[in-house]
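Peer 1: The structure is given below, and queries will be raised subsequently.
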Amino acid sequence: VFIYVSTFVFIVIELVSIFLLDIAADVNESNIRRLPILMECFVDQQKYFFVCLLSIFLIVLCGFATVAATETFYMSLIQHACGLFQIARFLEMSKASYKSTYFVLVPLGVLSVSVNLYRLSLLITIKDYHELIISFMFVLGQFWYMFFVNYIGQEVIDHSGNVFHRIYNAHWYVAPLKTQKLLLYLMQRSIRHCTIVIGGLFVPSLQGFATVKRQFLKLKVIFYYMFKID
């Protein structure tokens, strides 16, 4: 829902800004319209501006729809793993299918957000409000995406930890001796929380999100001093 609402807001802001610029422009001067995304058009961009703009909106909508479908499927897998946590094999298969992909996405995501934060700070300085709105929407969407992935990882940790407490609070003492031994084994296994480890380094969780957020700010400061404009 957030992705489609953000896409709709992005389209509305772009259309409103274009019409407002047309109204505010001097009648004797020609207003040069700018596309929200730099692209190479093989036609006259000013003459076919709205055709190019519509193609950009369709590309953005298709891209966001792909992200929404992928993340919805990922969330369904994780929720199913939480509901059927006793089947450890299923969780291992889910982890194996996403481990390599997210191992590449995490550093690229950190770098992308850091660059966009640096760009956002520059746009605030030069007061380019048109580009500022677009950059802010990108940063907001990236932060939401990072939080969503880490929140799902935190759900896995919480559900795995609840297994121990549920077994302990159950009436295990009235069960047969063989069942008690089995429950004891489950309690010993559930003491160690199950986590999704990406590349053997990063564990998606709320603490992991806080760590990644600190990396955003550190890289932003590094970019600021590397590309500082006097």
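The numbers here are math on the coordinates, done by the rules we state, and not lab data. Because the structure is a prediction, the values reported are computed rather than measured. Cβ placement follows ideal geometry from the backbone for every residue including glycine, while neighbour counts extend to all protein chains displayed.
Peer 1: Students often get this wrong, so check it: of LYS47/LYS127; LYS47/LYS213; LYS127/LYS218, which have C-alpha atoms separated by over 32 Å?
Peer 2: Details: LYS47/LYS127 28 Å; LYS47/LYS213 43 Å; LYS127/LYS218 24 Å.
Exceeds cut-off: LYS47/LYS213.
Peer 1: Using the basic label-point model (7 angstrom from Cα toward the beta carbon), what is the LEU132 to TRP144 distance in nanometres?
Peer 2: 2.1
Peer 1: Go through 176-189, 50-63, 102-115, 148-161 and give me the packing order, highest mean Cβ count within 10 Å leading. It would help to have the intermediate numbers written out before the result.
Peer 2: Details: 176-189: 11.7, 50-63: 13.8, 102-115: 16.1, 148-161: 18.6.
Result, highest mean Cβ count within 10 Å first: 148-161, 102-115, 50-63, 176-189.
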